[in-house]
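Heads up, the thing below is written out as structure tokens.
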Amino acid sequence: MASIEYVTCLNKMYQSQGFPEYRWSTYDSAPFKPLSKPLNQAKVALVSSGGIFKDGQEPFDGWAVNDYSLRTIPLDTPFDQLKLNHNYFDHRDAARDYNCVFPVQRLQELAAEGIIGQAAMMAVSLGMGRIYKRSGLFEQTIPAVVAELQNQEVDAALLVAA
């Protein structure tokens with residue numbers, strides 16, 4: 001894979017602050033399960049790492065390191081009850097329209113147009129930032145997300161990285 005200059009610059013900056021060199025995760029294979037039904041009959045869930053939470057939920061720690069927590073948010077939550085707390089991406093556009101990182105309205109439109117069968121009732125929101133201990137993702141976050149999606153009996157998930 002070609003080097004991305006932005007990542008090189010970030011790596012140098014963090015190393016100058018005493019952090020170790022970032023080691024990218026690499027995988028030789030990935031599990032794949034074909035969709036068992038047509039998309040227009042499938043229930044699709046939203047999973048976003050945009051740091052979105054709703055009124056009444058604990059905010060994500062914007063400066064967290066190794067935050068493996070998640071929030072579930074009903075899809076019908078009005079946008080004026082949503083908040084964004086994430087310091088590891090430029091969220092000026094997302095602050096104007098949460099659909100940039102949390103496209104629940106677009107997912108609902110796809111369902112209304114019959115492109116997907118239906119949207120899952122709950123979205124999953126993550127506030128990931130600096131993840132140095134990746135084993136926590138495999139031991140905590142991923143099982144929690146999978147359990148939530150299985151609980152909702154979803155067929156597919158729209159993954160949105162912030």
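The values are calculated or read from the model by the stated rules, or taken from the named source; none is laboratory data. Values in this document were obtained by computation on a predicted structure and should not be read as measured data. FYI the Cβ positions are ideal-geometry reconstructions off the backbone, even for glycines, and counts take in every protein chain you see.
Counting residues that are more than 13 Å from the chain's Cα centre (by Cα) and farther than 28 Å from Y27 by Cβ, which helices (runs of 4 or more DSSP H) fully inside segment 87-153 reach at least 3?
Details: elements: 92-96, 104-112, 142-151.
In segment 87-153, 92-96, 104-112 are the helices (runs of 4 or more DSSP H) which contain 3 or more residues that are more than 13 Å from the chain's Cα centre (by Cα) and farther than 28 Å from Y27 by Cβ.
Of the residues that sit in segment 14-43 and are at pLDDT 90 or above and assigned to a loop (DSSP other than H, G, I, E, B), which one is surrounded by the fewest Cβ atoms within 10 Å (Cβ to Cβ)? So that I can check it myself, show each step before the final result.
Filtering segment 14-43 down to residues at pLDDT 90 or above leaves 16, 34-43.
Those still in the list that are assigned to a loop (DSSP other than H, G, I, E, B) too: 34-38, 42.
On the way: P34: 4, L35: 11, S36: 9, K37: 11, P38: 10, A42: 16.
Checked segment 14-43; the qualifying residue surrounded by the fewest Cβ atoms within 10 Å (Cβ to Cβ) is P34.
Give me a count of the residues in segment 75-86 that are in a helix (DSSP H, G or I), out of contact with any Asp or Glu (no Cβ under 6 Å at 6 or more places or on another chain) and not charged (D, E, K, R). Give the derivation first.
If we filter segment 75-86 for residues that are in a helix (DSSP H, G or I), which is where we start, we get 79-81.
Remaining after also requiring out of contact with any Asp or Glu (no Cβ under 6 Å at 6 or more places or on another chain): 79-80.
Narrowing further to those that are not charged (D, E, K, R): 79.
Adding up the residues that qualify gives 1.
Six or more apart or on different chains, Cβ atoms under 6 Å: show the pairs whose first residue is in segment 138-154 and aliphatic (A, V, I, L, M) and whose second is assigned to a helix (DSSP H, G or I) and modelled with pLDDT of 95 or more.
If the second residue must be assigned to a helix (DSSP H, G or I) and modelled with pLDDT of 95 or more, no pairs are left.
Taking the condition of being over 17 Å from P74 (Cβ atoms), of a type in the set (G, A, S) and surrounded by 12 or more Cβ atoms within 10 Å (Cβ to Cβ), how many residues in segment 123-153 meet it?
Going residue by residue through segment 123-153, those that are over 17 Å from P74 (Cβ atoms) are 127-144, 146-147, 150.
Cutting the leftovers down to of a type in the set (G, A, S) gives us 127, 129, 135-136, 144, 147.
Keeping just the survivors that are surrounded by 12 or more Cβ atoms within 10 Å (Cβ to Cβ) gives 127, 129, 136, 144.
Here the count works out to 4.
Given the conditions (1) over 12 Å from the mean Cα position of the chain (by Cα); (2) in a loop (DSSP other than H, G, I, E, B), which single one is not true for Y68?
Among (1) over 12 Å from the mean Cα position of the chain (by Cα); (2) in a loop (DSSP other than H, G, I, E, B), Y68 violates only (1).
For segment 64-88, which positions are surrounded by fewer than 16 Cβ atoms within 10 Å (Cβ to Cβ), hydrophobic (A, V, I, L, M, F, W, C) and within 16 Å of M128 (Cβ to Cβ)?
Of everything in segment 64-88, just one residue is surrounded by fewer than 16 Cβ atoms within 10 Å (Cβ to Cβ), hydrophobic (A, V, I, L, M, F, W, C) and within 16 Å of M128 (Cβ to Cβ), namely V65.
Do any residues in segment 44-57 that are outside any strand (DSSP E or B) have Cβ atoms under 7 Å from those of residues that are of a type in the set (K, R), where the two are at least six apart or on different chains, and which pairs are they?
Here the result reads Q57/R71, each pair linking segment 44-57 to a residue that is of a type in the set (K, R).
Condition first: among the polar types (S, T, N, Q), outside any loop (DSSP other than H, G, I, E, B) and loosely packed, with under 12 Cβ neighbours inside 10 Å. Now tell me which residues in segment 1-13 satisfy that. Can you show your working first?
Looking only at segment 1-13, we keep the residues that are among the polar types (S, T, N, Q), and these are 3, 8, 11.
Narrowing further to those that are outside any loop (DSSP other than H, G, I, E, B): 8, 11.
Result: T8, single match.
Pull out all pairs, ordered by first then second residue, where Cβ-Cβ is under 6 Å, the residues are six or more apart or on different chains, the first lies in segment 62-74 and is free of Cβ contacts under 8 Å to residues at least 60 places away in the same chain, and the second is not in a loop (DSSP other than H, G, I, E, B).
R71/F53; R71/S125; I73/K54; I73/A123; I73/S125; P74/M122
Conditions (1) polar (S, T, N, Q); (2) closer than 29 Å to L10 by Cβ, marked per residue:
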residue	(1), (2)
A64	no, yes
T72	yes, no
H91	no, yes
E113	no, no
A120	no, no
R130	no, yes
L149	no, no
